[in-house]
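The values are calculated or read from the model by the stated rules, or taken from the named source; none is laboratory data. Keep in mind the model is a prediction, meaning the values are calculated, not measured. Counting neighbours? That spans all protein chains shown, and the Cβs are built from the backbone with ideal geometry, glycine included.
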Amino acid sequence: MLEIKNLHAKLEEEDKVILKGVDIKVGTGEVHAIMGPNGSGKSTLSYVLSGRDGYEVTEGSVILSGEDVLDMEPEERAAAGLFLAFQYPVEIPGVGNMTFLRTAMNAQRKARGEQEISAGNFLRVVRAKANDLKIGADMLKRPVNVGFSGGEKKRNEILQMAVLEPRMCILDETDSGLDIDAMKLVADGVNALRDEGRGFLVITHYQRLLNHLVPDVVHIMVDGRIVRVGGKELALEVEENGYAGILDEVA
């Protein structure tokens, strides 16, 4: 599904190397979590995978279903099935949620050589998926994320993911700023999308999200490298003991 090999990347503006040889392989139907202390490179990894400006890949490859996404523009990566849920979802004043969703959906269908979805079929799809996430009609009519609470913004991103049905979903600290109820709603939405044709890379600081979104594999990132890999019990170990022991091992 997704194979990251020896990925090195730097922040262009500061000429600062952040990723220093990341290796991760996410199989179809798998959920992988990335944990690590602040400044370890977790969010940078998500930005590089999605093609965000300001980062330069100096070595390595990122293969998604046989294609190297590093050769693609961000919109091409999205059409190929890569989705990034941001830590801080942006507001888009003047653009209605429904308009945004249908435009994004049809742009991806067009890029794949598929027919655009009709207005009627689109409405049926969105309403069904919004209902699962407890997103009311008023939220669908409002401009994208404008006036939304933190929890509403995160649920709205999961709705986007549910509508677009990507093959590879990257969640960058989706639990940030969420209360327990909102986090469970978001996790339930993600769990509903788990199937054999889709993979997840979940970046998080805390075990609490992983109580609801149980990972198959946990990676610990320190200083731009993956230093430990294990099962869900590794996240529990970090929750109990922190990163001090792992940092001592790496030093």
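Collect the residues in region 172-181 that are surrounded by fewer than 19 Cβ atoms within 10 Å (Cβ to Cβ) and not charged (D, E, K, R), keeping them in residue-number order.
Taking region 172-181 first, the residues surrounded by fewer than 19 Cβ atoms within 10 Å (Cβ to Cβ) are 176-177, 179-181.
Residues satisfying the conditions are Ser176, Gly177, Ile180.
Within region 102-123, does at least one residue satisfy the condition of being in contact (Cβ under 8 Å) with a residue 40 or more places away in the chain, under 26 Å from Thr204 (Cα atoms) and over 17 Å from the mean Cα position of the chain (by Cα)? Give the derivation first.
First, pick out the residues of region 102-123 that are in contact (Cβ under 8 Å) with a residue 40 or more places away in the chain: 104-105, 108.
So of that shortlist, the ones also under 26 Å from Thr204 (Cα atoms) come out as none.
No, region 102-123 contains no residue that is in contact (Cβ under 8 Å) with a residue 40 or more places away in the chain, under 26 Å from Thr204 (Cα atoms) and over 17 Å from the mean Cα position of the chain (by Cα).
Just for strands (runs of 3 or more DSSP E) wholly inside region 11-99: which have at least 2 residues that are of a type outside the set (Lys, Arg) and either out of contact with any helix residue (DSSP H, G or I) (no Cβ under 7 Å at 6 or more places or on another chain) or surrounded by fewer than 15 Cβ atoms within 10 Å (Cβ to Cβ) (or both)?
16-26, 31-35, 55-64, 92-96
Take Lys16 and tell me if it is closer than 22 Å to Thr204 by Cβ, out of contact with any Asp or Glu (no Cβ under 6 Å at 6 or more places or on another chain) and basic (Lys, Arg).
Taking the combined requirement at face value, the residue does not satisfy it.
Tell me, which strands (runs of 3 or more DSSP E) wholly within region 182-251 include 1 or more residues that are β-branched (Val, Ile, Thr) and surrounded by fewer than 17 Cβ atoms within 10 Å (Cβ to Cβ)?
225-230
Suppose we filter Asp223, Asp172, Asp216, Asp248 for residues that are more than 27 Å from Gly81 (Cα to Cα) and either among the hydrophobic types (A, V, I, L, M, F, W, C) or modelled with pLDDT of 85 or more (or both); which single one remains?
Asp223
What tally of residues in region 1-10 results from selecting those that are modelled with pLDDT of 95 or more and not in a strand (DSSP E or B)?
0
Between a first residue in region 228-244 that is under 19 Å from Val22 (Cα atoms) and a second residue that is basic (Lys, Arg) and outside any loop (DSSP other than H, G, I, E, B), which pairs have beta carbons less than 8 Å apart while being 6 or more apart in sequence or on different chains?
Qualifying pairs under 8 Å: Leu234/Arg228.
Counting just the residues of region 113-138 that are surrounded by 20 or more Cβ atoms within 10 Å (Cβ to Cβ) and part of a helix (DSSP H, G or I), which one comes out modelled with the highest pLDDT?
The selected residue is Val126.
Can you name every residue in region 100-112 that is in a helix (DSSP H, G or I), of a type outside the set (A, V, I, L, M) and modelled with pLDDT under 90?
Hits for region 100-112 are Gln108, Arg109, Lys110.
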